[in-house]
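Reviewing the structure listed below.
The values are calculated or read from the model by the stated rules, or taken from the named source; none is laboratory data. Every value quoted in this text rests on a predicted model; they were computed, and no experiment measured them. Cβ coordinates were reconstructed from backbone atoms using ideal geometry, including for glycine residues, and neighbour counts include every protein chain displayed. Accessible surface areas use protein heavy atoms only, side chains included; no ligands, DNA or RNA. Shrake-Rupley method; radii C 1.70, N 1.55, O 1.52, S 1.80 Å.
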Amino acid sequence: MLPTVQALLAALPWLRCAWVATMAAVVALASGGATAAEPPARLSDTGLFVPGAPERLRHGVRAFSPQYVLWSDGASKRRWIALPRGAAIDARDADAWRFPRGTRLWKEFAVGGRPVETRYIEHRADGSWTFASYVWNEAGTEAHLAAERGTAVAVAGAPGGRYAVPSRGDCIACHGGAPTPVLGFSALQLSGDRDPLAPHATAAQAGELNLNTLLARRLLHGLPAAFIAQPPRITADSAVERAALGYLHANCGHCHHRAGGQVPVALSLAQRVAAPAASRAEVLQSAADAPSRFQLPRLQGHSAALPVIAPGQPQGSVLVVRLQSRLPQIQMPPLGTQVPDSEGLALVERWIAHDLLPRKEP
């Protein structure tokens, strides 16, 4: 007999998290009863570049780079955004920007210097959001719409020689549960006070959008004056902790937060520039010495439940065990990666081992 959905969700906590996030996202993004239109067939048709000349970006398309990046199995990435003419982003809520209808974003993934996939997000005129992926041809002249269910592409240098292109449901599972569907383009991510220890981050390039240029070009309005006078940053007790919290924010915070619509786990790994000290406190309160609902299989060498984070003991922390595993029933994040991030993992382990001290018995 085939297992029921409920049985599968009970048996595999990571699947339960993805299921809940996806269902919440589908409801939220489909509100209003609008029927989603099929995305354009070619990447050039989305307005990113001139057909046949991918190096020639369309007018109004601007590059940006977040300071804390999502681990994608070592793929290099480039990102762009285009706002409708005369429109601006509403930044009154510094942690959940409201993007005007007609906003488009792109993220290119390259392996070994070859573009493989470009992901596309559009805020449609009816208020819904479109998510799509495009696969590049061998010549690198055009990318074509991937199947809605996702696909795999043979790519030298990718894990196992296969590059996994996500389904549109996978996109919604991550983007739909966050305070805003746009990830990586925010006051924290575009702050001029960039974190020098952020894993895998690239140096900001001339001409890229950041918080200052957005304000100067009047592409952003309503940002609280405090963030204009002082660029936002993560509150932390050390440089290592700042980078570790930023890494967890980028890789985990879009699901693990307290803004509602997230996975049903009492764990907060998101940072809020409007309340930086409170964000750090929420992470420590929800993770340090906090019991985990996840039961590690005995094959991992753990026979008892571990805390989410055991201060001073990285290998005694569920967070570390799940970040370093790629067994489907254990790994975190559950989507988008087949290889553990050794650099990010080393940072998190260093933070737990040296910055978080075990509680002293009274």
Name the residue, out of His200, His221, that is modelled with pLDDT of 95 or more and on the phi > 0 side of the Ramachandran plot.
His200
Residue satisfying all of: in the stretch 218-235; assigned to a loop (DSSP other than H, G, I, E, B) and out of contact with any helix residue (DSSP H, G or I) (no Cβ under 9 Å at 6 or more places or on another chain); surrounded by the most Cβ atoms within 10 Å (Cβ to Cβ) among these:
Pro224
Where residues in the stretch 69-94 are buried (at least 17 other Cβ atoms within 10 Å of the Cβ) and in contact with an Asp or Glu (Cβ under 7 Å, 6 or more places away or on another chain), which of them is farthest from Thr118 (Cα to Cα)?
Trp71
Criterion violated by Leu215 - all others in (1) open to solvent by 40 Å² or more (accessible area, probe 1.4 Å); (2) closer than 28 Å to Cys171 by Cβ; (3) not in a loop (DSSP other than H, G, I, E, B) satisfied:
(2)
Could you please tell me which pairs satisfy a Cβ distance under 7 Å, a separation of 6+ or placement on different chains, a first residue in the stretch 47-64 that is at positive phi, and a second residue that is open to solvent by less than 70 Å² (accessible area, probe 1.4 Å) and in a strand (DSSP E or B)?
Gly47/Ala82; Gly47/Arg104; Gly60/Ala82
Residue under question is Gln331, and the condition is that it be at pLDDT 95 or above, surrounded by fewer than 21 Cβ atoms within 10 Å (Cβ to Cβ) and of a type in the set (S, T, N, Q); does it hold?
no
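If you scan the stretch 316-351, which residues turn out to be in contact with a strand residue (DSSP E or B) (Cβ under 6 Å, 6 or more places away or on another chain) and assigned to a helix (DSSP H, G or I)?
Answer for the stretch 316-351, where residues must be in contact with a strand residue (DSSP E or B) (Cβ under 6 Å, 6 or more places away or on another chain) and assigned to a helix (DSSP H, G or I): just Leu319.
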Looking at Ala53, is it open to solvent by less than 40 Å² (accessible area, probe 1.4 Å) and at pLDDT 95 or above?
yes
